[in-house]
Amino acid sequence: MKRVYLDYAATSPTDPEVIKSMEPYFFEKFGNASSLHAYGQEAKKALEDSRHNVAEFLGAKPDEIIFSSGGTESDNNAIFGVAEALGDKGNHIITSKIEHHAISEPCAVLEKKGFKISYLGVDKQGIVSAEDVKKAITDKTILISIMHANNEIGTIQPIAEIGKIAKAKGVCFHSDAVQTAGHIPVDVNNLNVDLLSISGHKFYGPKGVGALFIRKGTRLGKFLQGGDQEKGRRASTHNIPGIVGLSKAIELCSKNMKKEAEFQIALRDRLIKEIPKKISDVMLNGHPTQRLPNNVNFSIKYIEGESILLSLDMLGIAVSTGSACTSSSLEPSHVLLAIGLDHETAHGSVRITMGRWTKESDIDYLLENLPKVVHKLRAMSPLYDKK
Ligand code: PLP
């Protein structure tokens, strides 16, 4: 059976060149980067070279980068770390209603401990207003955390503008760039951020490795207790193969990002144009252009996203109904509710995300099969009958 993977926002395959770069660090060069002997120093060199690459890619300095176990840890570290370090200055955090759970759950934990969290709404296309951020700042605000692009609907936020406001008010600003790094330019100075999270497996690197940018001078509590790796900022033995892989993935993205984005935008825009021509009662979720190059999200009325997903899966096509983390839950996506969809419409949403190995013929295959699947499911749908 033909297999077509269109769920790159959930995770991407690890690029074979990345795998090759990691291999020596499992057996030949297995040392602990904290060891003083030659084995350790070999690992330490790979660690620092990787740090240098990641920093350069983000427009940061090497000592402003710490490695982590992925997007979730980087996000948790940013939220809990600022709360711990600046909790004596204030107890107010500003975030949005469409953040990934790696941000909203730590915020919920802090809320139980007495912090006040402002969850800003978004407009119909999923954009956070910089003006709303400005209005929400009080003299108790210690942190603003707004994601760079949303993982479900792909909307890209006005981070540079929000960053300018945060800077003027002297408030620490974090952005979750897990969906953007490697796909569109992410420069910590252009974006005016103090903290920024990235994750390797979203841009053809290995799973279980990420990084957190910490602007020099930003106060951050220690998230993991243990050894003094990363100059005491993140305990635990370095995952050298993962870190080397992350660095190689970044190198490949620096080389290919522009060309890949152009190609994906063409595929994306083809889907945005063709799907409504082939299927009635569909609606694009998110912004038509201010969105990730590889993301399309449609609500297809009168049927359930899960049924579409499973029917496409039987034809070898992998898509998603929301973020990977919420797709096993029956609750409608908080992102789709935040852009104003009713529960029924939110339940009928499908996310299609492309990547490095997506071909034009994959999109042909989807465009050939999605209308058939929708037609079949609607024929069985009591909601469609009543229409
Ligand atoms: N933030 C966003 C926007 C994401 O899309 C994800 C993963 O889906 C994460 C954070 C969590 O990243 P990780 O899987 O590396 O922990």
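The values are calculated or read from the model by the stated rules, or taken from the named source; none is laboratory data. Note that the structure is predicted; figures quoted are calculated from it, not measured. A quick note on method: Cβ atoms are made from the backbone with ideal geometry, for glycine too, and the neighbour counts reach across all protein chains shown. With ligands, DNA and RNA removed, areas are computed over all heavy atoms of the protein, side chains included. Shrake-Rupley method; radii C 1.70, N 1.55, O 1.52, S 1.80 Å.
Quick look at the values:
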read-out: Using alpha-carbon coordinates, inclination of helix 101-112 to the longest axis of the chain, degrees; value: 70
read-out: Kirkwood Rh (inverse of mean 1/r, distinct Cα pairs), segment 96-141, angstrom; value: 11.6
read-out: Stretchable slack from E262 to K2, in nm (0.36 nm times residue separation minus alpha-carbon distance); value: 91.1 nm
read-out: Solvent-accessible area per residue, Å², over segment 16-252 with all protein chains present [probe radius 1.4 Å]; value: 41
read-out: Sites E23 and H101, calculated FRET efficiency, Cβ-Cβ separation with R0 30 Å, nearest 0.05; value: 0.35
read-out: Whole-Å semi-axes of the chain's equivalent ellipsoid (Cα gyration tensor); value: 36, 27, 17
read-out: Greater than 26 Å apart at Cα, pairs in K112/K135; K134/K255; K61/K258; K112/K231; K89/K167; K135/K231; value: K134/K255; K112/K231; K135/K231
read-out: Label point at W357 placed 7 Å out along Cα→Cβ; residues across segment 208-247 whose backbone nitrogen lies under 18 Å; value: 208, 246
read-out: Sequence ranges 361-369, 173-181, ranked by mean other-Cβ count within 10 angstrom, highest first; value: 173-181, 361-369
read-out: Tilt relative to the chain, helix 305-314 - C-alpha long axis, 0 to 90 degrees, to 10; value: 90
read-out: Acute angle (nearest 10 degrees) that the helix 240-278 long axis makes with the longest principal axis of the chain, alpha-carbon atoms; value: 20
read-out: Antiparallel bridge percentage (DSSP; both residues within the chain; nearest 5); value: 55
read-out: Peptide ranges 124-132, 306-314 listed from the most packed, as the mean C-beta count within 10 angstrom indicates; value: 124-132, 306-314
read-out: Length released on extending from K89 to V109, taking residue separation times 0.36 nm less the Cα-Cα span; value: 5.3 nm
read-out: Global form of segment 1-133, assessed from the alpha-carbon gyration tensor, a/c cut-off 1.5; value: oblate
read-out: Highest-first arrangement of 248-261, 24-37, where packing means the average Cβ count within 10 Å; value: 248-261, 24-37
